[in-house]
1. Please find, within the stretch 229-260, the residue that is surrounded by the most Cβ atoms within 10 Å (Cβ to Cβ) out of those that are in contact with a Ser or Thr (Cβ under 8 Å, 6 or more places away or on another chain) and among the hydrophobic types (A, V, I, L, M, F, W, C).
2. So how many residues does the stretch 200-220 have that are within 19 Å of Asp138 (Cβ to Cβ) and in contact with a helix residue (DSSP H, G or I) (Cβ under 9 Å, 6 or more places away or on another chain)?
3. Just give me the residues in the stretch 42-73 being loosely packed, with under 12 Cβ neighbours inside 10 Å and closer than 22 Å to Gly205 by Cα, in sequence order.
4. Could you please let me know if Phe238 is out of contact with any Pro (no Cβ under 8 Å at 6 or more places or on another chain), over 30 Å from Leu81 (Cα atoms) and of a type in the set (Phe, Trp, Tyr)?
5. Which condition number does Thr226 fail, the rest of (1) among the hydroxyl-bearing types (Ser, Thr, Tyr); (2) under 30 Å from Ala45 (Cβ atoms); (3) loosely packed, with under 14 Cβ neighbours inside 10 Å being met?
6. Residues that are touching an Asp or Glu at 6+ places or on another chain (Cβ under 9 Å), at pLDDT 95 or above and of a type in the set (Lys, Arg): list the strands (runs of 3 or more DSSP E) wholly contained in the stretch 188-275 that include at least 1 such residues.
7. Only one of these is hydroxyl-bearing (Ser, Thr, Tyr) and within 27 Å of Asp33 (Cα to Cα): Thr176, Thr235. Name it.
8. For the stretch 20-102, which fully contained helices (runs of 4 or more DSSP H) count at least 2 residues that are free of Cβ contacts under 8 Å to residues at least 60 places away in the same chain, in contact with a helix residue (DSSP H, G or I) (Cβ under 9 Å, 6 or more places away or on another chain) and not hydrophobic (A, V, I, L, M, F, W, C)?
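The values are calculated or read from the model by the stated rules, or taken from the named source; none is laboratory data. Note that the structure is predicted; figures quoted are calculated from it, not measured. Cβ: placed from backbone, ideal geometry, glycine included. Neighbour counts: every protein chain shown.
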Amino acid sequence: MNPGLAVDFLSPSENALADEFSACGYIVRDVEDRPMLDAFRHEIAGFAATVLKLARPADDGEFLDGIHRHLTLETINDFRLKMYREINAQPWFRPTYFKLAARMIEALVGNELAMQNRINLSIQMPDDTTSLLDLHADSFTGETPYQVVEWLPLVDVAKTKSMFVLPLEKSRAVSTHLKDFAEGGMPALYEAIKADLIWLEVPYGKVVVFSPNILHGNILNREPGTRWSLNTRLTGLFTPYGSAEKTLGSYYLPITLRPVTRAGMAYRQPAGFEE
């Protein structure tokens with residue numbers, strides 16, 4: 001066969017990414033534009049300083065990592081809500097966030113996408129019992145299984161400062177036996193599988209993309225720094241949605257609608273040609 005001909009619809013790198021995702025249910029990669037990430041974090045750190053009535057920090061990462069020095073358990077939730085509203089109101093926030101992992105998401109999901117209408121913000125201070133996210137899978141609670149979650153830490157995260165995941169095949173196996181844990185609930189399930197959990201080590205500059213079908217969560221942060229992380233969901237524009245509540249036009253908004261799709265949606269069959 002002529003070596004100039006193609007025998008696969010996907011590139012070798014796309015196939016490798018697909019194989020890894022299919023095996024694990026998650027991918028950890030460098031962000032696709034590090035200067036953009038630095039500018040993104042710089043703006044968020046600036047908003048945080050403004051909310052707390054502090055001078056703009058000299059080191060964004062150090063400031064965010066040590067934000068617990070300026071907050072208490074009584075003030076953290078109000079601060080987080082103010083930050084969530086402020087950053088989600090910025091016109092650059094969702095496009096920039098998407099572009100940090102765009103090629104990876106398009107390789108995994110497709111190039112006509114819908115994105116959650118808000119990006120979630122998690123701030124977990126050391127020993128903070130108010131910011132725990134118990135073991136769960138998003139698809140158990142009405143999220144479409146045809147999506148990925150983009151999870152971006154703004155500081156270095158590892159161990160209890162990070163999140164844990166149960167790889168895809170093990171999550172699938174556990175999901176068929178959930179009724180066995182009906183009495184003890186998710187805490188009992190966590191105890192049963194905790195030896196198989198993987199704690200993601202994600203230095204600042206990397207991003208995680210994972211399936212909503214894998215079990216994941218966090219526990220009490222026992223590390224000395226505060227975890228700042230952002231997450232949002234992306235799905236194929238025309239894939240099924242999980243519930244009437246979480247559907248296109250409300251929970252999800254189109255972000256990469258292509259011209260042919262726009263033309264097709266605008267098309268009306270001329271009179272006399274209907275079957």
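1. Among those that are in contact with a Ser or Thr (Cβ under 8 Å, 6 or more places away or on another chain) and among the hydrophobic types (A, V, I, L, M, F, W, C), it is Leu230.
2. So the answer is 12.
3. Answer for the stretch 42-73, where residues must be loosely packed, with under 12 Cβ neighbours inside 10 Å and closer than 22 Å to Gly205 by Cα: Ala58, Asp59.
4. Judged against the criteria, Phe238 is a match.
5. (3)
6. Output list reads 206-210, 227-236.
7. Thr235
8. Once the helices (runs of 4 or more DSSP H) in the stretch 20-102 are filtered for at least 2 residues that are free of Cβ contacts under 8 Å to residues at least 60 places away in the same chain, in contact with a helix residue (DSSP H, G or I) (Cβ under 9 Å, 6 or more places away or on another chain) and not hydrophobic (A, V, I, L, M, F, W, C), what remains is 34-51, 76-88.
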